[in-house]
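A short worksheet on the structure shown next.
The values are calculated or read from the model by the stated rules, or taken from the named source; none is laboratory data. Bear in mind the structure is a predicted one, so any value in this text is a computation, not a measurement. Cβ atoms come from the backbone with ideal geometry, glycine included; neighbour counts cover every protein chain shown.
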Amino acid sequence: MERLVWLNGAFVPEAEAALPIRDLGLIYGEAVFDTARTFGGRLFMGAEHVDRLYRSLEAVRLPEPMPKAELLALTEELIARNARALRPGEDWWVTQRITAGLRPLDGEALEREGPTVLIECTPLPLRARARFFREGIPAALARRPRTPPEAVPPHAKTTNYLNMMLAQRELDETRPGAWAILPDMTGNLAEGAGCNVFFVRDGTVMTPADTVALPGVTRAVVIDLCRELKVPLRIGAVMPDEARAADEGFLTSTSLCLCPLRSFDDTAFPVPGPVTARLMAAFSKRVGFDFVAQYLAFDTGGAAHSGL
C-alpha cells in the first residue's frame with residue numbers, strides 16, 4: 001500500500017505531494033517541525049510533541065495553523081490510514097512540518113493564504129541503526145559549536161540543521177563513523193547532531209541543561225525515570241573532560257529512545273553500562289514495548305549510519 005501524507009487540508013499519496021517553489025520554508029528556511037514515533041503502530045507522547053511544535057512556532061514568531069487538538073487528531077488519522085503500509089515489525093517516525101507559507105509577489109495574488117502544513121510517516125531506520133544496540137555508538141567532540149541561544153533559541157526545533165550537519169561532516173573527516181557532540185560557546189557540551197547526550201560517573205547521570213540544547217521529549221522521560229528510580233541526576237554544565245572521565249554514556253532521541261555510547265573521543269565505555277541498562281529497561285517498561293529487541297531483530301551485521 002502506498003503511504004499517504006496530509007498536506008494543506010487533504011490526505012494525498014506521498015509520491016504526489018508537492019510544495020510550491022515559492023514556499024518560504026524552502027526559500028528562507030522559515031519552518032519548524034517535530035517528530036514523534038510509534039511503538040507497535042501506536043503514537044507515543046503525541047500531545048507532548050505537538051506542544052513542543054507550538055512552542056517552536058511561538059519562538060520563531062510563526063502563527064498557529066490550527067488548534068493543537070486538531071493537528072493531533074489529523075496525525076492519529078494519518079497513522080491509521082497508513083497502517084497497511086507499515087511492514088511487519090516496523091514503526092514510524094511521525095513528523096509535522098509547518099512553514100511560513102508562500103512568498104508574496106508584487107502585484108500577484110497568493111494561490112493560497114496561510115502557513116503550509118505537512119504531516120508525514122517515515123519508516124524508522126531500524127536496519128541502519130540496529131548495530132548500535134549491539135556495539136554502541138561512537139561519539140566525539142565536534143569542533144563547531146552549537147548555534148548560541150542568543151542567535152536562535154535552542155527550544156525552537158527548526159528545519160535548519162545546517163549547524164549540526166556541518167559539525168557532523170567536519171567530524172567525519174577526522175573520525176569517520178563517530179557521532180558529533182557539539183559544544184556550546186563556552187566549550188561545555190550542548191547536544192548531539194539530532195540527539196541529547198548523557199554521561200554517568202560514579203553512579204550520577206549528567207546531562208547538559210536545556211538552555212543550550214533542545215529539550216528532547218525522550219530526554220524528559222529519561223530525567224523522569226532517573227527521579228523515579230532514585231538515580232542521582234545532575235542537569236547543568238558538562239565539560240568535555242568530565243565526559244572523557246565518565247564510566248558510561250548514552251544518547252536519547254525519538255527514534256533511538258536510549259542507545260549506549262561505545263566511546264567518547266578516546267574513552268571507551270561498556271555497552272551498555274549498568275546505569276544505562278537499568279534506564280533502558282525502565283524506558284521499555286514505561287512505553288510498554290521492547291525497543292531494543294525491535295532494533296536487534298533487524299541487525300544484519302551491515303554498516304551502521306550516523307544520526308543525520
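Being within 17 Å of the chain's Cα centre (by Cα), modelled with pLDDT of 95 or more and either surrounded by 15 or more Cβ atoms within 10 Å (Cβ to Cβ) or in a loop (DSSP other than H, G, I, E, B) (or both) is a property that does not hold for Arg61. Consider Ala142 carefully, then state whether it is in contact with a helix residue (DSSP H, G or I) (Cβ under 8 Å, 6 or more places away or on another chain), among the small types (Gly, Ala, Ser), closer than 30 Å to Arg3 by Cβ and in contact (Cβ under 8 Å) with a residue 12 or more places away in the chain. In short, no.
Checking the range 149-172 against the condition returns a match, with at least one residue being assigned by TED's automatic domain parsing to the domain that holds Ala281, surrounded by fewer than 20 Cβ atoms within 10 Å (Cβ to Cβ), more than 28 Å from Phe298 (Cβ to Cβ) and charged (D, E, K, R).
Results for (1) in contact with a Leu (Cβ under 6 Å, 6 or more places away or on another chain); (2) closer than 17 Å to Ala180 by Cα; (3) among the aromatic types (Phe, Trp, Tyr); (4) surrounded by fewer than 21 Cβ atoms within 10 Å (Cβ to Cβ), shown as yes or no for each residue.
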site	(1), (2), (3), (4)
Pro215	no, no, no, yes
Arg244	no, yes, no, yes
Cys257	no, no, no, no
Val287	no, no, no, yes
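Restricting the range 1-58 to residues that are touching a His at 6+ places or on another chain (Cβ under 9 Å) and of a type in the set (A, V, I, L, M, F, W, C), the residue that is surrounded by the most Cβ atoms within 10 Å (Cβ to Cβ) is Ala36. The numbered conditions (1) surrounded by fewer than 18 Cβ atoms within 10 Å (Cβ to Cβ); (2) within 19 Å of the chain's Cα centre (by Cα); (3) in contact (Cβ under 8 Å) with a residue 60 or more places away in the chain are all true for Glu111 except (2).
Residues in the range 1-24 that are touching a helix residue (DSSP H, G or I) at 6+ places or on another chain (Cβ under 8 Å) and modelled with pLDDT of 95 or more: Arg3, Leu4, Val5, Trp6, Phe11. Checking each residue in the range 80-121 for being closer than 22 Å to Ser255 by Cβ, assigned to a strand (DSSP E or B) and of a type in the set (A, V, I, L, M, F, W, C) picks out Trp92, Trp93, Val94, Ile98, Leu118, Ile119, Cys121.
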